[in-house]
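Written below as structure tokens is the structure these notes are about.
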Amino acid sequence: MKIDRAELRVVSLPLLKPFRTSFGVMTEKNFVLLRLFGEGLEGVAEGVMDIRPDFREETISGALALLQDTVLPDLLGRDWANPEQVMRQLSGVRGNRMALATVEMAFWDLWSRSLERPLSTVLGGVREAVPVGVSLGIQNSVKATVDSAVAHAEQGYRRIKLKIQPGWDVAVVRAVRAALPETPVTVDANAAYSLANLNTLRELDTLGLDYIEQPLAWNDMRDHAKLQALMGTPLCLDECITTAQDARKALETEACRLVNIKVGRVGGHLEARRVHDVAAAFSAPVWCGGMLESGVGRAHNIHLATLENFSKPGDTSSSSRYWARDLIHEPLETVGGMMPVPAGHGIGVTLDLPFLDTITQQKFALGPLQQPVAGR
Ligand code: OSB
Ligand code: MG
């Protein structure tokens, strides 16, 4: 598959309502959208970097520069046999897993379209629909949280994940558990606690949570291992895991008992599949996380989540929970807590280009001469 040219955009898609986590409030989703063109086909992906490095260390502006200066010029105008070969070419890049994922995922879409097969089956997936839950941001009141949790459980969502932070934890979890005794409930702290908060963490341990996601620092597996040894509730790592080697070390040292796989965080589908396989070797379940992606990233996530060991509900809930209007034509909506895999070749969704233009803030075209062409 020859990659003839590429288009990079910075897009800003307004959220229906603000999403609050322990690290900030999001009112719109800003992201890098990459289109790769070759042999009359197009592959597309979005990056999960944000403007600020507040989830992990990568940023939109940093990723844009890296992609334009070195990564895309290394790939454009050349023929690539498969995604493995693309990633071998880029294997000298240290870190920058989110930037690499953007390119790798767009190439998977392009390549599986050239094979005239859905991405899920090219990856080796085994499902036609994937089970999903919801991730509920920090709300203004316990009552608002309980109401939202109950409403989503009634819609069929299979797990309720509550964002927590110090001061917004035990009481809200208790209230949701009381309202929904049968529904799996989890919490995600996005690294807001430390071992100094052990009393609170021990209280959370008594509440029957399915797992606790990333309670401690974004880059600290050692303290997660200390905490896991003190807790009955499984810990699930998100921020800490960017490679399959990270996952192996985390599971080997019992820093966690399960892993949130975000294809955009770990460098793409190849590495996501490796994380999935490593976890399976440890008999540790995985589930597919999300980063409030538009329909493009959401479709990639859904295809990935068809792999066998994605045995717990993921975060890729209905697009209509996030956007008044998505940037793809196809609706991505759950039915009874199951998200159908988009049909067709590649990721199975198509860009709504006129709408995309209205939410595009920057646009760069890169040609085979490896020179940036004038943007808008
Ligand atoms: O930690 O899983 C996270 C959203 C943005 C950044 C980080 C996270 C999240 C979510 C929401 O939890 C997942 C989603 O609904 O896409
Ligand atoms: Mg998380």
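A few remarks follow.
- Residue check, GLY133 within 16 Å of ligand 2 (Cβ to nearest atom) and either in contact (Cβ under 8 Å) with a residue 40 or more places away in the chain or more than 16 Å from the chain's Cα centre (by Cα) (or both): yes
- Of all the listed residues (GLY77, GLY38), the sole one being buried (at least 22 other Cβ atoms within 10 Å of the Cβ) and not aliphatic (A, V, I, L, M) is GLY38.
- Of everything in the range 126-156 that is assigned to a loop (DSSP other than H, G, I, E, B) and β-branched (Val, Ile, Thr), the residue that is nearest to ILE212 (Cα to Cα) is ILE138.
- Check on THR306, among the polar types (S, T, N, Q), within 15 Å of ligand 1 (Cβ to nearest atom) and either open to solvent by 20 Å² or more (accessible area, probe 1.4 Å) or in contact with a Gly (Cβ under 6 Å, 6 or more places away or on another chain) (or both): no
- Within the option set VAL71, VAL134, VAL130, VAL86, being open to solvent by less than 10 Å² (accessible area, probe 1.4 Å) and either touching a Cys at 6+ places or on another chain (Cβ under 9 Å) or farther than 25 Å from THR350 by Cα (or both) holds for one residue only, VAL130.
- When residues of the range 208-223 are limited to those that are under 16 Å from ALA284 (Cα atoms) and not in a loop (DSSP other than H, G, I, E, B), the one farthest from ligand 1 (Cβ to nearest atom): ILE212
- The range 184-218, subset surrounded by fewer than 22 Cβ atoms within 10 Å (Cβ to Cβ) and within 18 Å of MET291 (Cβ to Cβ), residue nearest to ligand 2 (Cβ to nearest atom): ASN190
- Flag for ALA175 being surrounded by fewer than 24 Cβ atoms within 10 Å (Cβ to Cβ), more than 16 Å from ligand 2 (Cβ to nearest atom) and among the hydrophobic types (A, V, I, L, M, F, W, C): yes
- Any chance PRO166 is open to solvent by 40 Å² or more (accessible area, probe 1.4 Å), in contact with a Phe, Trp or Tyr (Cβ under 7 Å, 6 or more places away or on another chain), more than 13 Å from ligand 2 (Cβ to nearest atom) and more than 20 Å from VAL259 (Cβ to Cβ): yes
The values are calculated or read from the model by the stated rules, or taken from the named source; none is laboratory data. The model shown is predicted, which means the values in this text are computed figures rather than measured ones. All Cβ positions, even for glycine, are placed from backbone atoms using ideal geometry, and neighbour counts span all protein chains on display. Protein only, heavy atoms only, side chains kept; ligands, DNA and RNA dropped before computing areas. Shrake-Rupley method; radii C 1.70, N 1.55, O 1.52, S 1.80 Å.
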